[in-house]
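The values are calculated or read from the model by the stated rules, or taken from the named source; none is laboratory data. All of these numbers come straight from a predicted model, not from anything done at the bench. Please note: Cβ atoms are built from the backbone with ideal geometry, for glycine as well, and neighbour counts cover all protein chains shown. The area values use the complete protein model at the heavy-atom level, side chains included, leaving out ligands, DNA and RNA. Shrake-Rupley method; radii C 1.70, N 1.55, O 1.52, S 1.80 Å.
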Amino acid sequence: MTGIIIKALSGFYYIDDGSAVYECRARGNFRKSGISPLVGDKAEFELSGGSGVVTAVLPRKNFLSRPPVANIDRLFIVSSFENPAPNEYIIDRLTAIAVYHGIEPIIVFNKCDAGDFSRWESIYRAAGFRVFTVSAETGDGIDALKSEFSGGISVLTGNSGVGKSSILNRIFGNTALKTGEVSEKLGRGRHTTRHTELLRLPCGGYIADTPGFSSLETGGDYEFKEKLISCFPDLYEYSGGCRFTSCTHTCEKGCGVIAAAENGEIQKSRLESYKALFEELKDIKPWQAKR
Ligand code: GDP
Ligand code: ZN
């Protein structure tokens, strides 16, 4: 049988095959071979005498270590109008990490009842991202956002207080996923759980319930540093025009990316974030490769 690991707890893996959830143990030789199943992994398992055994973990397309989730399809980056206001550097850093891992970043501005996000909407639309402006309070824009959750594995990130729980409750709260589990788990309960878990949504996909998670680590990853410009696809497009192949796009004369920012072809804040992240990563050494 095949399914998705939705929870890993005290040596047990809970595998959802689409119709039921099975409690499984890992096969004895699993640990020796260095395979450590993660939530989000597709796994093969067998049932014998009422108990399940994980027999294989299928190849992952990506994984994050914090939160520990594999095969993530989308990262919803949630900001709100105030307390705290959108922070371009934080958003851009998250988009870059997502792009690096092959995860689609989706920008969400919540609390549109309380303010005008048009300045930020235009920055992120111009940068090529999909942007959703919503109000969990009034329900504005929620339907369009809801359809983004169907299929695959979604992760939400954003500072505490931006309204992540409110959005999920507004979307899924009263559709009674497994008898109200969503509203309970994604509501107040989510702050008390310590482990990461995937919740199956009524519309098909899964959402990672990631306690206390509001930022992604760059984790001293040398490869990320080396590929940084390509993790800003809107900037990368202009790097072919740089005079020097070694151009870091931070200060060089003849830099196509800097020229594009000066001409207004790319957003200045995106280049500023790139430069700040470049600065943050610049001392990572080749032996600090993460994988
Ligand atoms: P989380 O920490 O990201 O999960 O944020 P919460 O969902 O707990 O929301 C934090 C606060 O913002 C709560 O007091 C919510 O009532 C409020 N809030 C959430 N969404 C909205 C919204 O769309 N508009 C307004 N005005 N307040 C909101
Ligand atoms: Zn350049």
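Amide H to amide H distances under 5 Å link Leu58 with Lys42, Ala43, Glu44, where only residues 5 or more positions off or on other chains count and H is placed in the peptide plane. Here the label points at Leu281 and Glu265, each 7 Å from Cα along the C-beta direction, are separated by 2.3 nm in the simple model.
Taking the Cβ-Cβ separation of Ser147 and Glu226 as r and a Förster radius of 51 Å, what is the calculated FRET efficiency to the nearest 0.05? Efficiency, from the Cβ-Cβ distance: 0.90. Taken one residue at a time, the phi angles of region 76-82 give Karplus couplings (6.51, -1.76, 1.60, θ = phi - 60°) of 8, 9, 9, 10, 10, 6, 9 Hz. Gly and Pro are set to x. Less than 5 angstrom separates the built amide H of Cys112 from those of Val134, Ser135, Ala136, all sequence-distant by 5 or more or on a different chain. If you average 1/r over every pair of different alpha-carbon atoms in the chain and take one over that average, what Kirkwood value in Å do you get? Its Kirkwood hydrodynamic radius stands at 20.5 Å. Comparing Cα centroids, region 95-145 and region 230-244 end up 24 angstrom apart. When only Cα pairs below 8 angstrom with a gap of at least 6 residues are kept, region 1-152 shows a relative contact order of 14 percent. Across Ile123, Ile35, Ile171, mean-square fluctuation computed from a Gaussian network of the chain (C-alpha pairs under 10 Å connected) peaks at Ile35.
Given R0 = 41 Å, the distance between the Cβ atoms of Cys251 and Ser36 translates into a calculated FRET efficiency of 0.45.
Counted residue by residue at 0.36 nm each, then reduced by the alpha carbon distance between them, the extension gain from Ser48 to Arg27 reaches 6.3 nm. For the chain, the solvent-accessible area works out to 48 Å² per residue, with a probe of 1.4 Å and every protein chain left in place. Across all directions, the average projected area of the convex hull around the alpha carbons of region 10-160 is 11.1 nm².
If you roll a 1.4 angstrom probe over the protein chains with everything in place, what fraction of the accessible area of the chain belongs to carbon and sulfur, to the nearest %? Each step should come with its number before you reach the end.
Values: 6790 of 13880 Å².
Roughly 49 percent, rounded to a whole number.
With an 8 Å cut-off on Cα pairs and a minimum separation of 6 or more residues, tell me the relative contact order of the chain in percent.
15
For the chain, the residue among Leu235, Val21, Ser147 whose Cα projects farthest onto the positive side of the dipole built from Cβ charges is Val21. Placing a label point 7 Å from the Cα of Ser122 along the Cα-to-Cβ direction, the residues of region 90-115 whose backbone N falls under 18 Å of that point are 109, 115.
Which FRET efficiency value, to the nearest 0.05, do you get for Arg130 and Leu58 by plugging their Cβ-Cβ distance into 1/(1 + (r/R0)^6) with R0 = 30 Å?
Details: r = 28 Å, r/R0 = 0.94.
The computed FRET efficiency comes out at 0.60.
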